[in-house]
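Asker: My questions will all concern the structure given below.
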Amino acid sequence: MSRQTAVQPSVSWRLSDRLGLAMAWSMGLLFCLVCGAIVAYLLVQGVRYLHPDLLWTNPRVASGQNDTGGFLAPLLGTILVTSVAMALATPIGVGVAVWLSEYARPRPLARVVESTVEMFAGAPSVVLALFGVILFRASFMGFLTEKNGGVVYGKGFFPAGAMLSLLALPLVVTSVREGLRAIPNHVREASYALGKTKIATIRRVLLPAVRPDIITGSMIGAGHAIGDTAIIVILLGDTFQLQGAGGVPLLGTLRGTGSTLTSYVFDNAPTGDLNQPNKAFAAALVLLAMVLVINVLVDVFGRRTREQKWT
Amino acid sequence: MAIDDGLLLLEQEQGLSQDQRAELWLGALVCGVIVLLLAMVVFILAQAWPSFAHNGLHWFGSGGSVDHQIESIFSSANNLHRPIYTFHAWPLIWSTMLTTGGAVLLAFFASLFVAIFMVEFAPRPIQRVLEPVVRLLASVPSVIYGLIGVLVLVPFISNHLVTQSENASVEPVIQLTGGSLLAAVVILTVMIAPIMISIFADGLRAVPRGWLEGSLALGVNRWRTFWKIAVLSARPALVAGTVLAAARALGESVMLSMVSGSVGFAPNPADGLIFLFEPSRGLAATILHNTDELSSPPMEHTLFAIAAVLMFSALMLSLVGWATKAPFRRHFLVGGVAGGEHR
């Protein structure tokens, strides 16, 4: 963006204007200060307490902070539950975005779909979590979670991932829709002129073109899903270790319960059940690093999207 | 309509083209998403009904201690013939209103000025650092904000701001441990400000450069130009950012349950400044606080009633946002939030 190069002295301005300018500067600098303080504090505290072996050991029940182990299980849990969420949210989100942008045929339906997506974006995550509680307690959903003598437990990676995917869905939809909107119509028309059907055009022309948007959208969604705590605490069971259900290796783990870094931090904060601030800081730093990596990836892919030019 | 036609064709078993089938599948997916939302609303309202039915409008009123009510609701599960539902949620509602309102108000003014600074007045190096930092802060998990709050701000308030005499004056009712309305509002402000800033800044950036240059060419100074033209024409973005941030603040449960003191108490502004140090607990935080008690049916109905109120407030919020933006739609840059076109 171009900037004014000529610097005006603000001495001659009206008082209200100068006040406004001073306000903008002071607020801006205050914000920088707060940001710097937060990041520095987390870095210092996190690095002080983060040992590599924390990443490789499972949490244990013990009395002292030295004996309670690390957070391998929560770390794996975070990765697992986010993968489940994105595996659900990405295809559904792309489907909804494509329908909204390319078909949207009964107009009222399209408007309803738009507001539905918006509703999911605005829904508090505790509400989604409670919805998950009812949904996955139903007996026909029983195959997804552990059962105990006919009673469906309703907690595990599938329920938590499914509800997190609802949290991520609007972000994927928005990003993909924006990408599709940026493709000029003549690209579609060129494809039709070659005799391709609409769905073939979508699959062979439009979707490859919006691939960076799909990746960006699901990354932003994953960033949201990683950070959520309420759904995890309510739906994942918040158990110390990954407790698989049934014998099949990965599927059993996914049907079982576990915890994530967010719930680990929540439990280890002074207000939580465990109260080990040192562990909480270390886990928070790891969590922050994951969010940072995701942000950088979004930036990289976002830049690639912007470089793409249609002529 | 297209879907009905399609279904008709399907029944006739005349080979559908691949194209039509694809449209049907996508339509079905989209309808599935709508059904999911409807299911959420219906299920939650159905589960919430006993609590509302029993209390009527008194549900929203005050009276008695919320925490005691929750306890007796929970333990009434042992005697399912006479479940207790009496629940007066006013302290929780009031806490949510105070924290959300206070944080949105504070964050709005701060974010507006920060966004102006970032887009127009900041020197290049600061600008280049600030933009990614804002985006990072907007995606920091709320539990991390909660952790910082409970380990830094809460002890600070309890050690330096709350005096002995203040603590003694409320001794019979509550304890001032530092987990307070003030901590909740401050941390919530820090949490939602980056969301507002990034949306405000996108809106401000999307204002066509020519409009600003026209004003500058008339000899209007830089601040006045930006304030009168960029900020005014970015109003839809201001509304959008505020609504989004307010929704986030409303639904925030984890951070608030950590720093707000977690006591079902309604801080009373009539008490003077001390109300800032009084603990409270919002609606969302109450659900999280009591999730272990979902096993008790009366408690479950009560928690779902709280969720229903939250859901309804979120819906109202997005309606208000939509209604506020609607008049701008004809005259101003609605695409302002999307940005990009004018860069």
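Asker: Given the criterion farther than 16 Å from A:G161 by Cα, modelled with pLDDT of 85 or more and aliphatic (A, V, I, L, M), identify the matching residue among A:A245, A:A289, A:A230, A:A225.
Answerer: Details: A:A245 fails: modelled with pLDDT of 85 or more; A:A230 fails: farther than 16 Å from A:G161 by Cα; A:A225 fails: farther than 16 Å from A:G161 by Cα.
So the residue among A:A245, A:A289, A:A230, A:A225 that is farther than 16 Å from A:G161 by Cα, modelled with pLDDT of 85 or more and aliphatic (A, V, I, L, M) is A:A289.
Asker: Continuing with the same structure: Scan region B:70-93 for residues that are surrounded by fewer than 16 Cβ atoms within 10 Å (Cβ to Cβ), part of a loop (DSSP other than H, G, I, E, B) and polar (S, T, N, Q) and report the count.
Answerer: The number of residues fulfilling the criteria is 1.
Asker: Another one. Take the conditions within 11 Å of another protein chain (Cβ to nearest Cβ) and part of a helix (DSSP H, G or I) and apply them to B:T189. Does it pass?
Answerer: Taking the combined requirement at face value, the residue satisfies it.
Asker: Name the single residue that is farthest from A:L43 (Cα to Cα) among those in region A:248-298 being at the interface with chain B (Cβ under 7 Å from one of its Cβ atoms) and without any contact (Cβ under 8 Å) to a residue 60 or more places away in the chain.
Answerer: A:T271
Asker: Just to check your reading of the model, which residue among A:T197, A:T145, A:T90 is over 23 Å from A:V298 (Cβ atoms), of a type in the set (V, I, T) and crowded, with 21+ Cβ neighbours inside 10 Å?
Answerer: Just one listed residue meets the conditions, A:T145.
Asker: Just for region B:204-232: of the residues that are part of a helix (DSSP H, G or I) and in contact with a Gly (Cβ under 8 Å, 6 or more places away or on another chain), which one is nearest to A:D17 (Cα to Cα)?
Answerer: B:W223
Asker: Show me the helices (runs of 4 or more DSSP H) found entirely inside region A:180-277 where at least 2 residues are over 29 Å from A:N295 (Cα atoms) and touching a helix residue (DSSP H, G or I) at 6+ places or on another chain (Cβ under 9 Å). Full working, then the answer.
Answerer: On the way: elements: A:185-193, A:198-201, A:211-227, A:230-235, A:249-255, A:261-268.
Filter on region A:180-277 gives A:185-193, A:198-201.
Asker: In region A:183-223, how many residues are touching a residue at least 60 places away in the same chain (Cβ under 8 Å) and out of contact with any Lys or Arg (no Cβ under 7 Å at 6 or more places or on another chain)? Reasoning before the result, please.
Answerer: Going through region A:183-223, the residues touching a residue at least 60 places away in the same chain (Cβ under 8 Å) turn out to be A:183-184, A:187, A:198, A:202, A:206-207, A:209, A:212-223.
So of that shortlist, the ones also out of contact with any Lys or Arg (no Cβ under 7 Å at 6 or more places or on another chain) come out as A:183-184, A:187, A:198, A:202, A:206-207, A:209, A:213-223.
Going through region A:183-223 one residue at a time, the tally reaches 19.
Asker: Still on this structure, please answer the following. Under the condition of being more than 11 Å from chain A (Cβ to nearest Cβ) and crowded, with 18+ Cβ neighbours inside 10 Å, which residue from region B:294-327 is farthest from B:N79 (Cα to Cα)?
Answerer: The qualifying residue farthest from B:N79 (Cα to Cα) is B:K325.
The values are calculated or read from the model by the stated rules, or taken from the named source; none is laboratory data. Computed from a prediction, not measured in an experiment: that's the story for all the values here. Here the Cβ is made from the backbone with ideal geometry for all residues, glycine too, and neighbour counts use every protein chain on show.
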